[in-house]
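Have a look at the structure below, then the notes.
The values are calculated or read from the model by the stated rules, or taken from the named source; none is laboratory data. Keep in mind the model is a prediction, meaning the values are calculated, not measured. Every residue, glycine as well, gets a Cβ built from its backbone with ideal geometry; the counts of neighbours run over all protein chains shown.
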Amino acid sequence: MADVTPRAPHRFYPTKGFGRVPATVCRPWKFADRPDDEFGHTSSLAKSIEANGQVQPALVRLCVDPAAPGIRYEVIAGVARWRSAMNAAGDLDVQIRELTDVQAYRAMVAENEDRQNLSDYARARRFSGALDSGLFASKTELAEASRLSASNMSYLLGFASLPAEVLKAVSDIKSMSVRLGYVLSLAVRDGFKNEVIRDMALIENGEIARDAIPDIWREARQFSVESPAKFPHTDVVRQPRDIQIFTGKTGQLLCRMRTASSGEITLKLSLSVSSLLTPEKVAKIIALLDSEE
């Protein structure tokens with residue numbers, strides 16, 4: 001007697017245009033630009049899709065990988081939508097296009113560049129990965145494909161070059177601006193990595209201004225330490241020629257004081273200190289000095 005057991009219908013997987021496929025047969029492509037720790041909105045997106053449907057399909061291309069025969073598509077743009085579908089064990093609305101790596105990169109940039117919830121560091125890592133992998137032959141070519149100026153691309157690539165030791169000292173890399181990240185990368189390149197790590201908390205809370213980096217550490221290195229004397233809130237280091245160097249608790253330079261033979265005193269404030277001064281604060285300092293006479 002013939003076997004009449006009903007069989008599940010064979011699933012049809014589209015190869016072009018628009019379609020709906022299981023999320024489990026998709027995976028992000030290698031240049032997906034959002035780090036794993038920047039998908040905090042996935043759960044809310046999943047609820048929105050469940051209530052209102054998927055408004056915009058994910059952009060995918062066909063994928064043939066002998067090491068992963070169950071994967072049929074690579075998600076070029078819409079990884080958050082794919083993750084939401086995976087969490088719901090559901091299907092994903094897709095637009096399937098035939099794309100080279102460069103075309104896929106341009107398409108991803110076109111869809112994703114205007115997003116407000118992607119950190120500068122995530123963008124920096126995306127560009128660095130595209131350049132390091134040989135996807136683009138030069139920084140100039142990468143900048144053009146990403147619709148950025150050469151200078152902005154330099155800032156981003158510099159940010160992405162921060163070593164792991166520095167990143168470990170940062171409390172929240174997602175909140176760091178590309179300009180600050182770039183300045184820190186220059187400081188590391190110039191030999192101030194230890195100072196960057198040591199003073200990271202002061203940098204993040206604004207006590208060390210971005211414009212003071214790395215001059216604040218370079219100036220401190222210009223003087224050798226002689227006979228340090230402890231004060232309640234600062235250290236004072238006596239120098240030759242009646243020069244005194246005042247540093248904060250963590251060693252950052254605050255000011256230099258020179259006493260002339262005539263008794264005249266000259267104070268040179270560090271950039272980080274001078275950037276914090278206001279007319280009101282200066283008036284209080286003058287009043288305090290007057291009261292000591």
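Arg20 - would you say it is buried (at least 17 other Cβ atoms within 10 Å of the Cβ) and at pLDDT 75 or above?
Judged against the criteria, Arg20 is not a match.
Residue under question is Arg256, and the condition is that it be touching a Leu at 6+ places or on another chain (Cβ under 7 Å), of a type in the set (Lys, Arg) and modelled with pLDDT of 70 or more; does it hold? Before you say what the answer is, go through the steps one by one.
Details: touching a Leu at 6+ places or on another chain (Cβ under 7 Å): no; of a type in the set (Lys, Arg): yes; modelled with pLDDT of 70 or more: yes.
It is false that Arg256 is touching a Leu at 6+ places or on another chain (Cβ under 7 Å), of a type in the set (Lys, Arg) and modelled with pLDDT of 70 or more.
Mind checking which helices (runs of 4 or more DSSP H) fall wholly inside the range 128-227 and carry at least 1 residues that are closer than 23 Å to Lys268 by Cβ, at pLDDT below 95 and in the same structural domain as Arg256 (by TED's automatic domain parsing)?
Values: elements: 139-145, 150-160, 164-169, 178-189, 193-198, 200-204, 215-221.
Fully inside the range 128-227 and qualifying: 193-198, 200-204, 215-221.
Does the range 74-100 hold any residues that are within 30 Å of Met153 (Cβ to Cβ) and either part of a strand (DSSP E or B) or out of contact with any helix residue (DSSP H, G or I) (no Cβ under 9 Å at 6 or more places or on another chain) (or both), and which are they?
Listed by number, the residues that qualify are Glu74, Val75, Ile76, Ala77, Val79, Gln95, Glu98, Thr100.
Quick check on my filter: what residues within the range 96-127 are modelled with pLDDT of 90 or more, surrounded by fewer than 15 Cβ atoms within 10 Å (Cβ to Cβ) and among the aliphatic types (A, V, I, L, M)?
Listed by number, the list holds a single entry, Val102.
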